[in-house]
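Dropping a structure here in structure tokens format, bear with me for questions.
No value in this document is a laboratory result; all are computed from the given coordinates. Computed from a predicted model, the values in this text were never measured in an experiment. Please note: Cβ atoms are built from the backbone with ideal geometry, for glycine as well, and neighbour counts cover all protein chains shown.
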Amino acid sequence: MASGEELADSERAIELQALSGIEQIDAAEWDPCAGAAEPFTNHAFLAALERSGSATAATGWQPSHLIARDQLSRTVVGVVPAYIKDHSFGEFVFDWGWAEAFERAGGTYYPKLQVGIPFTPVTGPRLAVHPGAADPAGVRRALLRELEGLCSRSGLSSVHVTFPPETEWQELGARGWLQRTAHQYHWHNDGYRDFDGFLAGLSHARRKEIRRERRAVAGSGVEIHALHGSELRSEHLDAFHAIYQATCRSKLGPGYLSRAFFDEASARLGDRMLLLMARHEGRWLAGALHFYGADALYGRHWGCLPGTRERVPFLHFELCYYRALERAIDAGLGRVEAGVQGEHKLQRGYLPQWTYSAHWIAHPGLRAAVADYLERERAVVAEAVEALGASAPYRAAE
């Protein structure tokens, strides 16, 4: 609790509990708080990660979810997806430099507390409050106090809230948490009737280039399959997992997601899961995994067999971007989120979009150093987002 902070009566009536696994609470209690805007904060996705062994203590993601329960009604009025971690892999908000500097100075950075969704850089509720809560701000304050208290009681170095909505980020900043900004690339549906309608809004050069790329894929002999819900079978999941792991190993090492995750996700998420797969002469070559939200299609994982990029150089763009746009237009969705990094997305109609994180650091010296760094970093990020926005390929920007 902040010094001198007083509790409202509604906050005194809240009971807080930490869970060592998402399945210690029913989906019927968790999901009304998490909402349905995106699938990743939902019970089903978190359970798929944990049940499959992808996000567990053994992989350095010890679940430590928080729930806030009204003491009188026993209703769960708030939830926080949280993990105690002994590394910084799979977060997409990089604090390796902070950890290295603190440990060089004699400190211990790990374990830390991570609030967010493992391996998923998608904005969603982190201090998720039931829509029927009488005092939503009070619930969030109670959850924040518990996060700070857990950090102090457990000897953790810090708490990191990654990819919250801007409203939560502002609330965290007002409480004194350190604020960080970044960006990723989203495509926005401007009421397009079809893909050609989207192309018509681009500059002549970009429109010509995208058509050339798509013709090259169409003429390569590769068949593209959109597999959705009940259409997904073990054959497809086996192939995609092998492709995904091969691509991860070619870059950094084994992928975070186990083979069992894809079975769990398919069974639990059903029609919210979309797999775009490319096959040539009976062999699966590449794939892109997407998930449907209420008004967005989220591109999450891509993979291809060695040599595929050289033989079909634009296949990545086709599966991850162009086919995703077509699916979003057909479904009447407002946007496609293509994840972090990759300025090549800009030239394919994806525009820079702000993302946020907030950080509570226990050690005063480390906190001061990180605060100074973040102040300078925010200025750099703002300049980059402005410059990227000015490079948009749309005709209105010419």
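Quick one: angle between helix 234-251 and the longest Cα principal axis of the chain, in degrees between 0 and 90, rounded to 10, please.
The two axes meet at around 80 degrees.
Something else now. State, to one decimal in nm, how far the label point of Val340 lies from the label point of Ser250, with both points 7 Å from Cα in the Cβ direction.
2.2
Another question, if that's okay. Could you give the distance between the Cα centres of the stretch 205-224 and the stretch 14-29, to the whole Å?
48
Go ahead and estimate [θ] at 222 nm for the chain from helices alone: -39,500 (n - 2.57) per DSSP H run with n ≥ 4, summed, over the residue count, rounded to 500.
Dividing the helical sum by the residues of the chain leaves -11500 deg cm²/dmol.
Kindly express, to the nearest 10 degrees and within the range 0 to 90, the angle between helix 204-218's C-alpha long axis and the longest C-alpha principal axis of the chain.
Compared with the principal axis, the helix lies near 80 degrees.
Would you kindly derive the ³J(HN,Hα) couplings of the stretch 83-89 from the backbone phi angles with the Karplus curve 6.51 cos²θ - 1.76 cosθ + 1.60 (θ = phi - 60°), listing them in order in whole Hz, with x for Gly and Pro?
9, 8, 10, 10, 7, 10, 6
While we're here: Could you calculate the contour length gain from Ile224 to Glu100, that is, 0.36 nm times the residue separation minus the distance between their Cα atoms, to one decimal place in nm?
40.2 nm
Next question, about the same structure. From the phi of every residue in the stretch 316-321, what ³J(HN,Hα) in whole Hz does the Karplus formula 6.51 cos²θ - 1.76 cosθ + 1.60 yield, where θ is phi - 60° and glycine or proline is x?
Listing the rounded values in order: 4, 5, 5, 6, 7, 10 Hz.
Can you list the residues, at least 5 places off or on another chain, whose amide H is less than 5 Å from the amide H of His65, using H built in the peptide plane?
Long-range HN contacts for His65: Leu19, Gly21, Ala82.
Under a straight-distance cross-link criterion of Cα-Cα below 24 Å, which lysines are reachable from Lys251, leaving out those fewer than 8 residues away in the same chain?
Lys85, Lys345
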